[in-house]
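Would you mind keeping the following structure in view while I ask a few things?
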Amino acid sequence: MGKIAIEDFIQGLGMLGIIGSLIFVGLEMQQSQIIAVASQQQERAAIPVEMINAFCEVNVDFQSTYFDKDFDYQLSTEEIAYRNMVH
């Protein structure tokens, strides 16, 4: 009887170990998914920033050209830089 109880105890510990490892793997998968979603959101947010930076590099007002479709604006370099920074 004592030998059967020890074997059952060892089997129980083995099952608990397997269950614990499966829970750990599930938590790792959840963390990986959260990281992947955050990375996608960061990439989406970077697209408009890169677009506005392109306008800044050539000293073009983003709002006048992109939103207002006014290509004949009369703004100083400082005004252009400020308006691009605001966006």
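The values are calculated or read from the model by the stated rules, or taken from the named source; none is laboratory data. Treat the numbers as computed from the prediction; the structure is a model and nothing was measured. Please note: Cβ atoms are built from the backbone with ideal geometry, for glycine as well, and neighbour counts cover all protein chains shown. For the accessible areas, the whole protein counts, side chains as well, though only heavy atoms, and no ligand, DNA or RNA atoms are used. Shrake-Rupley method; radii C 1.70, N 1.55, O 1.52, S 1.80 Å.
Return the residue satisfying two criteria in turn: it lies in region 61-87 and is under 18 Å from GLU50 (Cβ atoms) and not in a helix (DSSP H, G or I), and of such residues it is most open to solvent (accessible area, probe 1.4 Å).
HIS87
Looking at region 27-50, can you tell me whether even one residue there is part of a helix (DSSP H, G or I), more than 15 Å from the chain's Cα centre (by Cα) and surrounded by 12 or more Cβ atoms within 10 Å (Cβ to Cβ)?
No; the residues of region 27-50 include none that is part of a helix (DSSP H, G or I), more than 15 Å from the chain's Cα centre (by Cα) and surrounded by 12 or more Cβ atoms within 10 Å (Cβ to Cβ).
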